[in-house]
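Peer 1: Before I ask anything, here is the structure I am working with.
The values are calculated or read from the model by the stated rules, or taken from the named source; none is laboratory data. What you see is a predicted model, and the numbers here were worked out from it, not measured in a lab. In this analysis, Cβ positions are derived from the backbone assuming ideal geometry, glycine residues included, and neighbour counts consider all displayed protein chains.
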Amino acid sequence: MLRSPTIRARRPARRRDAGARHAGVRRAAAGVAAPAVATRDVAAPSRAAPDQATATATAAGMGPTLAALALGGFAIGTTEFVAMGLLPQIAHGVAVSVPAGGHVVSAYAVGVVVGAPLLAGLGARLPRRTLLVGLMAAFAAGNLLSALAPTYGFLLAARFVTGLPHGAYFGVAALLAADLAGPERRARAVSRVLLGLSVANVVGVPAATWLGQALGWRAAFAAAAILALLTVASIAAVVPSTAPDRSATLRRELGALRRPQVLLAVATGAVGGGGMFAVYSYITPILTGRTGLPLGAVPVALGVWGLGMVAGSLVGGRLMDWRPVASMLGAFALMAALFALFSVTSLHPVAAIATVFALGLGLLLPTGLQMRLMDVSADAQSLGAALNHSAFNAANALGAWLGGAVLAAGLGLTAPMFVAVGLTLAGMAIFTLALALERHDRNQGWIT
């Protein structure tokens, strides 16, 4: 007769408990105190209690850490976009035309695309706090060189150098925030890091633009360098140190580029995120030429867009912690609908401003893509996480180029909006393909 393995496994435990009780009786009879024996009837100290206490303590201490990391995002966001607002002054200052001055913006974007995987891979073995301090110090140096640039060529080089730490900083900061927050709140922690980028569009860019107009464009870059140095001090003071990954190598990190899911996530951001830039790049002619707003009202409208980005960052973190896949698909569908709606509401000032706020909610997508890249990068998370900002800088270039192409073709001010619809739906299709391939691989037992 076969016996249950469960019964066989339990019998030795009962024998040990019985033996312990008999030994206790014998010791009691001899006047010797019996040692305490934990049985199933005695409540042992809960192992979950320290974990819960640690989680509570970590959550309580996350505020200063996230604020320090978000300050870096604020400095980067201010620097990235202020050059666009000061482009005529910059071009005049280095004696080139405005179109040639636009290459200053392009040089920064190229630096982001190149630097994100390179610096994240090279720095993967360093403690994350140390790496973040080094990245922001390099960012400060790049802005200082920009402020002191004597020639156009020197300024181009300085802007390229300044862009190098951009993507790596956000990637490493997102990984650190997610690790400290734990699995239940990691998307919310990542969204708080990206919140600095959103606030920069509301406060930092207008303030730096005003400073540049009042004291010269070099003052704006000098202010960005000061912000970066404040970030260095803040991170060194409040961000906890973490153990380095001594097994990380550049070769292992670059292995992320061979993973189909990583490449599909990058393509999702590069294409799907292009819709926002197809409209944002030409928001001034849209609001003045179609909506009928005066030029002086455009900064207010851009501030409203920035407020929408803040809301998108705050809401996006909670949604991505709750239902990440459904939230991503919903965000794509919502953005496509909003871009189409803008072709109608852009005729009416109040409705146009309301739609501009809603378009700012598009920051849901970078938060979701950041989490996606962290999940599919396996043991190359530093590089994978940094690729998010490479993807969205590629989206910037693609969206702006296609939006400009349809305008140049004479298709009207609504044409960039329909380009945005197409790019957003194309990004959604790539994301859906990635999910289908992931499901197939899981059914085949290739991934768990």
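Peer 1: Looking at the range 199-218, I want the residues that are on the phi < 0 side of the Ramachandran plot and not assigned by TED's automatic domain parsing to the domain that holds T78 and have a partner that is part of a helix (DSSP H, G or I) and surrounded by 20 or more Cβ atoms within 10 Å (Cβ to Cβ) with Cβ atoms under 9 Å, at least 6 apart or on another chain. Which pairs are those?
Peer 2: Between residues of the range 199-218 that are on the phi < 0 side of the Ramachandran plot and not assigned by TED's automatic domain parsing to the domain that holds T78 and residues that are part of a helix (DSSP H, G or I) and surrounded by 20 or more Cβ atoms within 10 Å (Cβ to Cβ), there is no close pair.
Peer 1: Another question, then. What single numbered condition from (1) in the same structural domain as R129 (by TED's automatic domain parsing); (2) closer than 19 Å to L122 by Cα; (3) surrounded by fewer than 21 Cβ atoms within 10 Å (Cβ to Cβ) fails to hold for R258?
Peer 2: (1)
Peer 1: Limited to the range 148-180, what total is found for residues that are more than 17 Å from the chain's Cα centre (by Cα) and surrounded by 19 or more Cβ atoms within 10 Å (Cβ to Cβ)? Can you show your working first?
Peer 2: So the first thing to find is which residues in the range 148-180 are more than 17 Å from the chain's Cα centre (by Cα), and the list is 148-162.
In the following step, the residues that additionally are surrounded by 19 or more Cβ atoms within 10 Å (Cβ to Cβ) were identified as 149, 155-156, 158-162.
Final tally of qualifying residues: 8.
Peer 1: Could you list all residues from the range 111-156 that are outside any helix (DSSP H, G or I) and of a type outside the set (G, A, S)?
Peer 2: If the condition is that a residue be outside any helix (DSSP H, G or I) and of a type outside the set (G, A, S), then R125, L126, P127, P150, T151 are the ones that fit.
Peer 1: Okay, next question. Of all residues in the range 223-247 being among the hydrophobic types (A, V, I, L, M, F, W, C) and out of contact with any helix residue (DSSP H, G or I) (no Cβ under 7 Å at 6 or more places or on another chain), which is farthest from A140 (Cα to Cα)?
Peer 2: Applying the filter and picking the extreme gives A243.
Peer 1: Also: Working carefully through the options G296, G289, G312, find the one that is at pLDDT below 95 and under 21 Å from the mean Cα position of the chain (by Cα).
Peer 2: From the options G296, G289, G312, the qualifying one is G312.
Peer 1: Here are the criteria: (1) touching a residue at least 40 places away in the same chain (Cβ under 8 Å); (2) assigned to a helix (DSSP H, G or I); (3) surrounded by fewer than 24 Cβ atoms within 10 Å (Cβ to Cβ); (4) hydrophobic (A, V, I, L, M, F, W, C). Tell me which single one A326 does not satisfy.
Peer 2: Going through the list (1) touching a residue at least 40 places away in the same chain (Cβ under 8 Å); (2) assigned to a helix (DSSP H, G or I); (3) surrounded by fewer than 24 Cβ atoms within 10 Å (Cβ to Cβ); (4) hydrophobic (A, V, I, L, M, F, W, C), A326 breaks only (1).
Peer 1: Checking the condition crowded, with 18+ Cβ neighbours inside 10 Å and either in the same structural domain as A352 (by TED's automatic domain parsing) or in contact with a strand residue (DSSP E or B) (Cβ under 6 Å, 6 or more places away or on another chain) (or both), which residue from A297, A301 passes?
Peer 2: Testing whether each residue is crowded, with 18+ Cβ neighbours inside 10 Å and either in the same structural domain as A352 (by TED's automatic domain parsing) or in contact with a strand residue (DSSP E or B) (Cβ under 6 Å, 6 or more places away or on another chain) (or both) leaves just A301.
Peer 1: Still on this model: L176 fails exactly one of the following numbered conditions: (1) assigned to a helix (DSSP H, G or I); (2) at pLDDT below 90. What is the number of that condition?
Peer 2: So L176 meets the others, but not (2).
Peer 1: Follow-up question, since we're still on this one. Looking only at the range 357-379, decide whether some residue is farther than 24 Å from V190 by Cβ and either out of contact with any His (no Cβ under 6 Å at 6 or more places or on another chain) or part of a helix (DSSP H, G or I) (or both).
Peer 2: no
Peer 1: If I filter the range 373-400 down to residues being farther than 24 Å from D441 by Cβ and within 12 Å of the chain's Cα centre (by Cα), which single residue comes out as modelled with the lowest pLDDT?
Peer 2: H389
Peer 1: Any residue that is in a helix (DSSP H, G or I), touching a residue at least 12 places away in the same chain (Cβ under 8 Å), outside the structural domain of L175 (by TED's automatic domain parsing) and of a type in the set (S, T, N, Q) - is there at least one of those in the range 234-252?
Peer 2: no
Peer 1: Still on this structure, I have one more. Out of the residues in the range 131-179 meeting the condition of being polar (S, T, N, Q) and touching a residue at least 60 places away in the same chain (Cβ under 8 Å), tell me which one is farthest from T367 (Cα to Cα).
Peer 2: S146
Peer 1: So which of A385, A394, A429, A434 ends up being without any contact (Cβ under 8 Å) to a residue 12 or more places away in the chain and part of a helix (DSSP H, G or I)?
Peer 2: Numbers: A385 fails: without any contact (Cβ under 8 Å) to a residue 12 or more places away in the chain; A394 fails: without any contact (Cβ under 8 Å) to a residue 12 or more places away in the chain; A434 fails: without any contact (Cβ under 8 Å) to a residue 12 or more places away in the chain.
Checking each option against the conditions leaves just A429.
Peer 1: Now a separate question. Tell me which residues, restricted to the range 405-426, are in a helix (DSSP H, G or I) and either surrounded by fewer than 16 Cβ atoms within 10 Å (Cβ to Cβ) or under 22 Å from the mean Cα position of the chain (by Cα) (or both).
Peer 2: A405, A408, A420, L423, T424, L425, A426
Peer 1: Looking at the structure I just gave you, is F160 in contact with a His (Cβ under 8 Å, 6 or more places away or on another chain) and in a helix (DSSP H, G or I)?
Peer 2: Here the answer is no, as F160 does not meet what is asked.
Peer 1: Between L364, L347, which is surrounded by 16 or more Cβ atoms within 10 Å (Cβ to Cβ) and without any contact (Cβ under 8 Å) to a residue 60 or more places away in the chain?
Peer 2: L364
Peer 1: Taking the stated definitions as given, is L334 at pLDDT below 90 and not assigned by TED's automatic domain parsing to the domain that holds A200?
Peer 2: no
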